[in-house]
Amino acid sequence: MNTSHVSMKCHKCDERAVIRMRQHRLALCRTHYVEWFIQQTQRMIEKYHMFTRDEKVLVAVSGGKDSLALWDVLWQLGYHAEGLYIHLGIDEGIRYSAESERLAREFAEERGLVLHIINVAQAHGETVPEIARRTRRGRDKPCAVCGLIKRHDMNQAALDLGFNVLATAHNLDDEVAFLFGNVFHWNLEQMRRQSPVLPESPGFARKVKPFCRFSERETAAYSLVRGIAYIEDECPFAEGSKQLLYKDLLNRLEEVEPGAKLRFYLGFLEARDSGQLILPREEETPLELHPCPRCGQPTTSPGLCAYCRLFESESLGTLGTPALPK
């Protein structure tokens, strides 16, 4: 949190403000900030029709500030929300995965919440770094292999456990950096799919991003005010990522022009949804999906899906989807 506003008072009471949000022209004390943050999350859930009170929500938990804050907010709002942690085995140099799992477990235990855990090494005999090192794709871009594994396992877990919705804690900084990169490279297909909600379809759980309009600074402030313990180290795989470069560039713009990131993101959503921004539609670029013969998830590949091909050349125990603990 920025402490340059030490003498500033909350806009709703006479207490000292703990955060000033220039893009909203708003400063709030500890109590009113938590209240505002929770209310804004509920507004986003309703605005984008993410899920209802009757639906079960599986929250993808990393042990970081954003995902634990999201789980905390949904818990306080009274939703049926359980967590899913994927232990990737990124423990070389620093015990990143081990510490992340510990924090996720403690968070769940303190609140009496259910946390499901998938251990990649136990399921496949290899950690994500080991998988990345033996594949051409992983050696060039380890984040790509990591993301592929997480997306597959999160989707499969949601389906297997009977959840209506999979919620991720992507924040405004994540969304704007992703959008900036896609505009920069004119990746129209990715731009078409970028949305606060990806509807469910055969073989795919509905995916939602309730924090898509909160900045990283705002989610961090919420976690600090609520006393949520989270891992502060950046994932070692993120070093040199273009996403971090884009975030840095956009943060510099935000310093000069407060609210630029939010306007960019909301402007994109409005232009796309109103038809002002012409993007390829699914019916114009149909994808022929069929079940992967090994894991059963939909794929466009004629044989195994990209996930199962990671393990095709090795005998690594059970292939396909890792079993969840009961």
Cβ pairs under 8 Å, 6+ apart or interchain, first in the range 297-310 and of a type in the set (Gly, Ala, Ser), second in a loop (DSSP other than H, G, I, E, B), ordered by first then second residue, are SER301/CYS292; GLY303/PRO293
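Kindly provide the set of residues from the range 58-68 that are among the hydrophobic types (A, V, I, L, M, F, W, C) and closer than 19 Å to SER223 by Cβ, ordered by number.
The first filter runs over the range 58-68 and keeps only residues among the hydrophobic types (A, V, I, L, M, F, W, C), leaving 58-61, 68.
Listed by number, the residues that qualify are VAL59, ALA60, VAL61, LEU68.
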For the range 162-253, give me every one of the helices (runs of 4 or more DSSP H) that falls completely inside it and has 1 or more residues that are open to solvent by less than 20 Å² (accessible area, probe 1.4 Å), free of Cβ contacts under 8 Å to residues at least 40 places away in the same chain and polar (S, T, N, Q). 172-184
Looking at (1) open to solvent by 40 Å² or more (accessible area, probe 1.4 Å); (2) closer than 21 Å to GLU216 by Cβ, can you tell me which one ARG53 breaks? (2)
Counting just the residues of the range 27-48 that are farther than 16 Å from SER215 by Cα and in contact (Cβ under 8 Å) with a residue 40 or more places away in the chain, which one comes out most open to solvent (accessible area, probe 1.4 Å)? ARG30
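Residues checked against (1) open to solvent by 90 Å² or more (accessible area, probe 1.4 Å); (2) part of a helix (DSSP H, G or I); (3) at pLDDT below 75:
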position: TYR265; (1), (2), (3): no, yes, no
position: GLU270; (1), (2), (3): yes, yes, no
position: PRO280; (1), (2), (3): no, no, yes
position: ARG294; (1), (2), (3): yes, no, no
position: CYS308; (1), (2), (3): no, yes, no
position: PHE311; (1), (2), (3): no, no, no
Give the number of residues within the range 68-111 that are open to solvent by 70 Å² or more (accessible area, probe 1.4 Å) and not acidic (Asp, Glu). 7
Can you go through ARG252, ARG213 and tell me which one is in contact with a Pro (Cβ under 9 Å, 6 or more places away or on another chain) and among the charged types (D, E, K, R)? ARG213
Unmet criterion (only one of (1) open to solvent by 30 Å² or more (accessible area, probe 1.4 Å); (2) at pLDDT below 95; (3) out of contact with any Ser or Thr (no Cβ under 9 Å at 6 or more places or on another chain)) for HIS5: (1)
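The values are calculated or read from the model by the stated rules, or taken from the named source; none is laboratory data. Keep in mind the model is a prediction, meaning the values are calculated, not measured. In this analysis, Cβ positions are derived from the backbone assuming ideal geometry, glycine residues included, and neighbour counts consider all displayed protein chains. To get the accessible areas, we keep the full protein, side chains included, count just its heavy atoms, and leave off ligands, DNA and RNA. Shrake-Rupley method; radii C 1.70, N 1.55, O 1.52, S 1.80 Å.
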